[in-house]
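Visitor: Input: one structure, supplied below.
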Amino acid sequence: MTQFPQDFLWGAATSSHQVEGDNTKNDWWAWEKSSALKEVSGSACRHYQLYNQDFDLAKGLNHNAHRLSLEWSRIEPEEGKFSSAELEHYADVLLSLRQRNLKPIVTLHHFTNPLWLARLGGWQNPKCAGYYLRFVNKVVERFKEQAVYWVTINEPSVYIYYSYIIGAWPPQAKSVFKAMRVEQNLSLAHIQAYRLIHRIYKENKLKPPLVSLAQNLQAFVPCSRNLKNRFSVYLRERLFNLRFIEKLIRNKSLDFIGVNYYSRTLVEVKRWGFWNLLLDVCQDNHRPLKKNSLGWDIYPQGLYELLLKLKKHNLPILILENGICTEDDGLRWDFIRLHLESLQRAIHAGVNIKGYIYWSLIDNYEWDKGFGPRFGLVEVDYSTYQRRVRESAKHFAAVCKTGRLD
Ligand code: BGC
């Protein structure tokens, strides 16, 4: 089978802090300035100014959907004070998508927090879910007629891992206790936002929205199949891949499963120990695969296997991110093609997949890694902000147009 289903969503994603530029009122901006990072986000891709041009490119590449995030710190720069100018800006952005027949998939939280919230303890604060709901209420009331797809939170487990377990991202905590509290607050925020968004659509007699979150799924593969490694794989799958979404499924608060998939981790546990079981990886690289420019293995089979594991939930699945940073654009197309083949195999095996959103539409600010990694279908020249469509984008465009992978 080479044909994807009718009405399949095809597109690419961005997130506000990574592309807009000058998001001066969030915790990442403050942290970039105060830390030893070699690159700060600065003007990023100037997407805040150039979004029409970027959406023209997406349209020209036959996309029919686009995932973006609304920057909370722009919309609510001070606690409880909403900026009508920024709401107007995002109204224009959503209108621009609609004029190009690009269905918006709107993310409400993509790693960054307003500075005022960070000062109040961020997601550790028990009131955080309430603050988040006030923001969600504001934007969904405003944009309910512009969007059907809502993504409440991007990759809660990645956010918790980097910000509260290994402490690489703001607020750089390293505490299992804090991580558990944040997880609790994030899941509560999602469940309540899910109900709120549905209520708003119902009260306004609109067709029901489709609400989910973006869950990062990592393929965990034991290096040798000893007990320690197999137990560790089981544990990591539960903790990092499944725990969060299964809780939300039990609470009936996912209309579809949003999946972000990039790579695999080869698990080789040195000794029985809590942190070893959670974090040890194989250092030998004795089963080498091609890698992206950050050294992540290219492992399309993992996507297929993970999708089959989700099948039992009987929910539609939308790939909200899958992508590669590389200087080798031929490898980018291979990556996309191989992952689309995995999707086709999963569809063939009965998994209900609704769309594929590549990460990312344009090169952008890769968080603490700076501007080096190039994930874009479209190259950005950071000295002129000019865009150049890559060959891989054109190959992908042909699939978006015909729904066929030839
Ligand atoms: C995130 C993106 C990030 C991408 C590549 C995902 O985890 O949602 O913000 O740029 O991975 O690392």
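Visitor: Among residues belonging to the range 111-151 that are β-branched (Val, Ile, Thr) and within 14 Å of the ligand (Cβ to nearest atom), point out the one that is farthest from ASP27 (Cα to Cα). First the steps, then the outcome.
Guide: Initial filter on the range 111-151 (β-branched (Val, Ile, Thr)): 112, 136, 139-140, 148, 151.
Add one more test, that the residue is within 14 Å of the ligand (Cβ to nearest atom), and what stays is 112, 151.
Values: THR112: 6, VAL151: 21 Å.
Going through the qualifying residues, I end up with VAL151.
Visitor: Looking only at the range 60-70, decide whether some residue is within 16 Å of the ligand (Cβ to nearest atom), out of contact with any Gly (no Cβ under 8 Å at 6 or more places or on another chain) and among the charged types (D, E, K, R).
Guide: Checked the range 60-70: no residue is within 16 Å of the ligand (Cβ to nearest atom), out of contact with any Gly (no Cβ under 8 Å at 6 or more places or on another chain) and among the charged types (D, E, K, R).
Visitor: Checking LEU279 against (1) aliphatic (A, V, I, L, M); (2) within 27 Å of PHE371 (Cα to Cα); (3) under 20 Å from the mean Cα position of the chain (by Cα); (4) away from the ligand (no atom under 16 Å from the Cβ): exactly one of these is not met. Which one?
Guide: (3)
Visitor: Here's something else I'd like to know. When the range 67-80 is examined, which residues are found to be in contact with a Phe, Trp or Tyr (Cβ under 8 Å, 6 or more places away or on another chain), part of a loop (DSSP other than H, G, I, E, B) and loosely packed, with under 15 Cβ neighbours inside 10 Å?
Guide: Hit for the range 67-80 is GLU79, nothing else.
Visitor: Condition (residue is closer than 30 Å to ASN352 by Cα and either open to solvent by 10 Å² or more (accessible area, probe 1.4 Å) or modelled with pLDDT of 95 or more (or both)) applied to the range 16-36: is it met by at least one residue?
Guide: Within the range 16-36, one or more residues are closer than 30 Å to ASN352 by Cα and either open to solvent by 10 Å² or more (accessible area, probe 1.4 Å) or modelled with pLDDT of 95 or more (or both).
Visitor: Which condition does SER83 not pass, out of (1) open to solvent by less than 10 Å² (accessible area, probe 1.4 Å); (2) within 23 Å of THR14 (Cβ to Cβ), if it passes all the others?
Guide: The number of the failed condition is (1).
Visitor: Sticking with this structure for a sec: Mind counting the residues in the range 113-152 that are open to solvent by 10 Å² or more (accessible area, probe 1.4 Å) and assigned to a loop (DSSP other than H, G, I, E, B)? So that I can check it myself, show each step before the final result.
Guide: So in the range 113-152, the residues open to solvent by 10 Å² or more (accessible area, probe 1.4 Å) come out as 115-116, 118-121, 124-127, 130-131, 133-134, 137-138, 141-142, 144-146, 148-149.
Next, from what is left, pick out any that are assigned to a loop (DSSP other than H, G, I, E, B): 120-121, 125-127, 144-146, 148.
Going through the range 113-152 one residue at a time, the tally reaches 9.
Visitor: What is the one condition in (1) of a type outside the set (Val, Ile, Thr); (2) closer than 18 Å to GLN215 by Cβ; (3) out of contact with any Phe, Trp or Tyr (no Cβ under 6 Å at 6 or more places or on another chain) that ASN137 does not satisfy?
Guide: (2)
Visitor: Filter the range 210-224 for residues that are part of a strand (DSSP E or B) and hydrophobic (A, V, I, L, M, F, W, C); which is most open to solvent (accessible area, probe 1.4 Å)?
Guide: LEU210
Visitor: For the range 333-372, how many residues are over 30 Å from TRP31 (Cβ atoms) and not acidic (Asp, Glu)?
Guide: 22
Visitor: Separate question: Which pairs turn up if I take residues in the range 35-53 that are part of a loop (DSSP other than H, G, I, E, B) and look for partners that are among the aliphatic types (A, V, I, L, M) with beta carbon separation below 8 Å, at least 6 apart in sequence or on another chain?
Guide: ALA44/VAL19; CYS45/VAL19; CYS45/ILE362; CYS45/VAL380
The values are calculated or read from the model by the stated rules, or taken from the named source; none is laboratory data. Only a predicted model underlies this, so the values are computations on that prediction, with no experimental measurement involved. In this analysis, Cβ positions are derived from the backbone assuming ideal geometry, glycine residues included, and neighbour counts consider all displayed protein chains. Ligands, DNA and RNA are excluded from the accessible area calculation, which covers all protein heavy atoms including side chains. Shrake-Rupley method; radii C 1.70, N 1.55, O 1.52, S 1.80 Å.
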